[in-house]
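Data first, discussion second: the structure below is written as structure tokens.
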Amino acid sequence: MVKKIVMGLAILMAVTAGGSFLTVKAMPARELARDASLSRLAGGKTFPALCDATGDFRPDSAWVRQSFENDHCWAPPMPARLDGFRASRNQIVAGMAAVKRYGAQSDLYERCIRDYVATRQVQARKDGKRMDTVLFILENHRLTADLRNRKKAADQITTAINDFNQYGSDCPA
């Protein structure tokens, strides 16, 4: 028992002593000013963000966008991202229209998937079989990915609009 306590204390002391050897290097003022602007853009965090303000911007896997089991449902391409600080008014308006078109195409894509699954269910009932669970899982994932992308597209254009509006906000009245 005493041996376990002594070993625990020795490990605790070793960990504590290891931390005392760390040193802090002061950042030059020029780098500090550059990082201050980055931290402002990252929402006040002191580390570089892995995502932007609209969330995770990695594309979905190719199979999510493609037709599955010949369902002939193809995910629409995401609208192009806009930098609201550099975009013109016409580009922002075009981006808003692109997101609206994307929403309409997304509705058709989701309806296509739902119709396909419903057709497969009816056919399975006629054949006296159960519908494959994997089909439900994959089609559900495709629907979920599409809903996430629809929100992502809306968030991206909202961020671009806000950045566009903020760009000239320091002008004198």
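Considering only region 100-127, state which residues are under 30 Å from ALA80 (Cα atoms) and open to solvent by 20 Å² or more (accessible area, probe 1.4 Å).
Selection gives LYS100, ARG101, ALA104, GLN105, ASP107, LEU108, ARG111, CYS112, ARG114, ASP115, TYR116.
Of the residues in region 75-86, how many are touching a helix residue (DSSP H, G or I) at 6+ places or on another chain (Cβ under 7 Å) and open to solvent by 90 Å² or more (accessible area, probe 1.4 Å)?
Result for region 75-86: 1.
Being more than 23 Å from the chain's Cα centre (by Cα), modelled with pLDDT of 90 or more and under 29 Å from GLN166 (Cβ atoms) is true for just one of SER106, SER88. Which residue is that?
Details: SER106 fails: more than 23 Å from the chain's Cα centre (by Cα).
Criteria check complete, one pass: SER88.
Surrounded by fewer than 16 Cβ atoms within 10 Å (Cβ to Cβ) and outside any helix (DSSP H, G or I) - does that describe any residue in region 87-99?
Yes, there is a match, as at least one residue in region 87-99 is surrounded by fewer than 16 Cβ atoms within 10 Å (Cβ to Cβ) and outside any helix (DSSP H, G or I).
With the checklist (1) modelled with pLDDT of 90 or more; (2) under 24 Å from ASN149 (Cβ atoms); (3) polar (S, T, N, Q) in hand, flag the one item ASN70 doesn't pass.
Status for ASN70: all satisfied but (1).
The values are calculated or read from the model by the stated rules, or taken from the named source; none is laboratory data. Keep in mind the model is a prediction, meaning the values are calculated, not measured. Because the Cβ atoms are built from the backbone with ideal geometry, glycine has one as well, and the counts that use them run over all protein chains shown. With ligands, DNA and RNA removed, areas are computed over all heavy atoms of the protein, side chains included. Shrake-Rupley method; radii C 1.70, N 1.55, O 1.52, S 1.80 Å.
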